[in-house]
Amino acid sequence: MAKQTLQGATPLVADKLKALGLVTQADLVLHLPLRFEDETRITPIAAAVPGESAQFEATVVSTEIHFRPRRQLVCRVADASGELVLRFLNFYPSQQKALQPGARLRLFGEVRGGFWGSEIIHPRFRVLHDDEPLPTALTPVYPTTAGLPQATLRKLIARALIDADLGETLPDELLSRLGLPDFATSVRALHAPPSGLDAEALARRQKPYWRRIAFDELLAQQLSLRQAYAARRAKGAPVLAGDGALTEKLLSRLPFRLTAAQERVWHEIAADLAQPWPMQRLLQGDVGSGKTVVAALAMLRAVEAGHQAALMAPTEILAEQHWRKLSAWLAPLGIEVAWLSGSQRKKEKQAISEKVGAGETALIVGTHALIEEAVAFARLGLAIVDEQHRFGVRQRLALKQKGVQAHQLAMSATPIPRTLAMSYYADLDVSVIDELPPGRTPVVTKLVSAARRHEIVAKVRELCRAGRQAYWVCPLIEDSEALQLKTAQETFEHLSAELPELNIGLVHGRLKPDEKAAVMEGFVRNEIQLLVATTVIEVGVDVPNASLMVIEHAERFGLAQLHQLRGRVGRGAAESACILLFEQPLSETARQRLRIIYENTDGFEIARQDLHLRGPGEFVGARQSGLPLLRFADLEDTALVEAARAAAEEMLARHPAHVERHLARWLAGRAELLKA
Ligand code: ADP
Ligand code: MG
């Protein structure tokens with residue numbers, strides 16, 4: 001399909017259109033109305049309903065400029081049924097002139113009860129000269145931008161509806177199987193619905209025409225992501241197959257058996273690694289589901305195949321914990337794990353860099369220092385990113401560039417709801433650990449008003465006396481690290497005064513890495529019983545003996561954060577609890593968030609409700625897919641997302657010409673914008 005640019009648009013208008021993302025004729029066709037105004041009927045003035053917009057036909061009785069309370073044009077009009085005041089607070093002399101007594105007007109606006117009876121402020125009006133027929137379609141109101149009048153948009157869109165190719169992009173049999181209306185009919189109906197169509201239902205997007213457009217949009221997304229997926233497969237990557245010498249050895253030495261879910265995802269990953277194209281897989285598993293051991297197996301597989309593997313974590317605490325855990329597991333197998341962090345001395349970093357560069361070290365764990373320092377891998381085969389949602393796009397891309405053709409595994413405990421995984425993430429393969437290791441007791445969640453804080457302090461005392469440990473998470477203070485720090489310090493001091501018999505530790509983002517490590521070490525060894533912390537402990541920290549989590553000002557935290565924090569406990573066999581202290585008054589969303597976290601333990605369900613609460617933008621905010629957010633489709637419509645996915649697969653396999661036309665319609669303008 002040849003690219004059709006916008007005819008009839010002046011350069012100025014073209015710029016405005018571009019600001020709305022409208023570059024091609026197809027873009028205009030897909031610029032759908034927000035709502036409609038019904039100009040197909042004339043309402044008698046006496047039948048006007050205050051608060052509702054309507055169209056009238058009336059004759060001007062008088063037009064005067066009033067000066068009180070401020071300068072304004074006041075025009076009285078009448079039809080056979082009654083009188084109406086039109087009020088203009090801003091007006092041109094030309095308007096005053098047009099509103100001559102005796103002039104016949106067709107006007108549109110919202111009627112209000114005013115001081116002098118019914119009135120309309122700033123009605124849209126036109127002087128009638130002949131018997132002009134009423135339009136037969138509802139009048140669309142489009143999303144627009146300053147300086148681009150509705151009338152201009154309407155004209156351009158009406159023209160695009162004639163000039164643009166509205167041909168069907170779905171294969172016939174698919175269309176009839178789906179029972180959707182065809183494209184041309186749908187867009188025509190949505191831009192200019194015949195007067196019989198219910199404007200309300202259209203505006204609420206309840207007509208099958210909307211469904212067709214939403215389907216097309218999802219389909220375009222699926223097609224382009226699946227194409228990206230196929231393009232990746234065309235690239236090469238080292239085949240990481242192994243004889244199991246190391247992986248089997250690790251498995252036989254672990255103090256536990258893999259869960260069935262861990263077993264399954266490990267096989268999925270191993271199968272990918274053995275392919276000659278780069279894996280791009282997302283490993284999802286709720287907090288505590290045991291992703292680390294799966295990562296360790298994948299890293300060993302790389303070593304078995306004579307390659308290197310890198311594991312990157314978003315915080316120093318987490319990276320170091322991974323490094324300790326991996327070292328403990330792998331040292332008995334005679335495998336050394338290198339460690340690289342931003343806080344190491346220059347010399348140290350350089351020495352590690354050199355070993356990695358020479359290929360002497362096969363495995364390396366680190367923070368983003370791994371990508372920021374100039375580490376040149378000798379033969380990187382696998383790059384793993386833990387808690388991938390915490391990394392910026394730039395960091396992820398940089399790691400990708402390190403090992404030009406490395407396999408990639410991203411791990412995340414922030415579950416991506418299924419529909420989101422199927423749509424925005426359709427270019428990734430996803431493995432899910434949907435089972436927790438046995439012997440865990442579910443965490444009991446309690447919502448407690450901050451007024452009862454002293455009871456919670458007493459509970460901490462009792463618990464720690466019994467040999468268990470607890471976390472106390474300080475209130476989150478958005479946008480002020482200094483204040484956050486101060487609060488953490490104060491919380492620590494208060495608790496130390498209230499609980500003098502306990503050893504209390506404090507950990508926050510500003511501690512030096514060795515100080516931080518010392519505190520964590522003390523907590524792991526149960527020398528510290530109560531750990532006061534900021535959200536630095538949000539991700540990954542694993543101390544099974546800790547069985548109580550207290551979160552102050554829980555109402556300030558996001559759902560994903562609360563779920564992550566709660567996941568720090570319930571890792572051992574002891575019964576665990578999470579206490580959410582909240583301060584009144586609660587905002588409506590805070591109340592909803594607390595209810596969701598209270599009622600649900602399943603991370604996927606929490607994520608689903610979070611998606612409902614916040615919309616997909618937040619979830620994919622950091623993701624740069626080159627695709628716009630969905631404008632028409634609703635991700636909660638799982639059935640439609642699934643239908644689009646199936647259709648995409650079918651079309652890619654059997655209807656390549658349709659694929660091309662469909663993508664041209666939906667993405668040509670987008671590509672143009674990205675180029676600019
Ligand atoms: P996450 O998925 O949150 O990263 P971890 O990998 O930190 O979880 O695992 C949580 C805890 O569960 C760790 O102490 C880990 O050693 C342990 N674990 C992992 N797999 C199993 C299993 N199959 N059986 C028992 N414990 C396990
Ligand atoms: Mg983890």
Extended-chain gain in nm, criterion 0.36 nm per residue less alpha-carbon gap, L333 and E110: 72.4 nm
Which value in nm describes the separation of the simple spin-label points at R453 and A245, placed 7 Å from the Cα toward the beta carbon? 5.9 nm
Out-of-range pairs (alpha-carbon distance over 29 Å; input K18/K97; K291/K486; K446/K486): K18/K97; K291/K486
Using alpha-carbon coordinates alone, the radius of gyration and Dmax of the chain in Å work out to 31.9, 100
Nearest 20 debye, what's the magnitude of the dipole of the chain about its Cα centre given +1 on Lys and Arg Cβ and -1 on Asp and Glu Cβ? 1000 debye
Could you work out the relative contact order of the chain, using alpha carbon pairs under 8 angstrom and six or more residues apart, expressed as a whole percent? 14 percent
Which of the helices in the chain meet the span-like rule: DSSP H, Cα axial reach of 30 Å or more, Kyte-Doolittle mean at least -1.0? 208-233
Using r as the Cβ-Cβ distance of E588 and L483, and R0 as 22 Å, what FRET efficiency do you calculate, to the nearest 0.05? 0.30
Under a plain spin-label model, where a point goes 7 Å from the Cα along Cα-to-Cβ, how far apart in nm are E354 and S62? 9.9 nm
Rounded to a whole number, the Stokes-Einstein D of the range 42-133 in µm²/s (Kirkwood radius over Cα pairs; 25 °C; 0.890 mPa s) is 187 µm²/s
What chymotrypsin sites (Phe, Trp or Tyr not before Pro) in the range 29-84 are in a loop by DSSP, with at most 10 other Cβ atoms within 10 Å of the Cβ? F67
Quick one: which of K325/K516; K235/K355; K347/K512; K349/K512; K249/K325 span more than 22 angstrom between C-alpha atoms? K235/K355
Could you work out how far apart the two model spin labels at K446 and E642 are, taking each label as a point 7 Å from the Cα in the direction of the beta carbon, and quote it in nm? 4.1 nm
Given the chain, what percent of its DSSP beta bridges are antiparallel, to the nearest 5? 40 percent
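Given 0.36 nm per residue, what is the gain on full extension from Q100 to E650 after removing their alpha carbon distance, in nm?
Working: separation 550, 0.36 × 550 = 198.00 nm, distance 6.45 nm.
Answer, rounded to one decimal: 191.6 nm.
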How large, in Å, is the range 443-612 by the Kirkwood hydrodynamic radius built from its alpha-carbon pairs? 16.1 Å
Charges on Cβ only, +1 for Lys and Arg, -1 for Asp and Glu, centred on the Cα centroid of the range 463-600; of S587, F523, S480, which one is farthest towards the dipole's positive end? F523
Which order do the peptides 347-358, 318-329 come out in when sorted by mean C-beta neighbours inside 10 angstrom, highest first? 318-329, 347-358
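Values quoted throughout were computed directly from the atomic coordinates according to the rules given, and no laboratory measurement underlies them. The model shown is predicted, which means the values in this text are computed figures rather than measured ones. All Cβ positions, glycine included, derive from the backbone under ideal geometry; neighbour counts span all protein chains shown.
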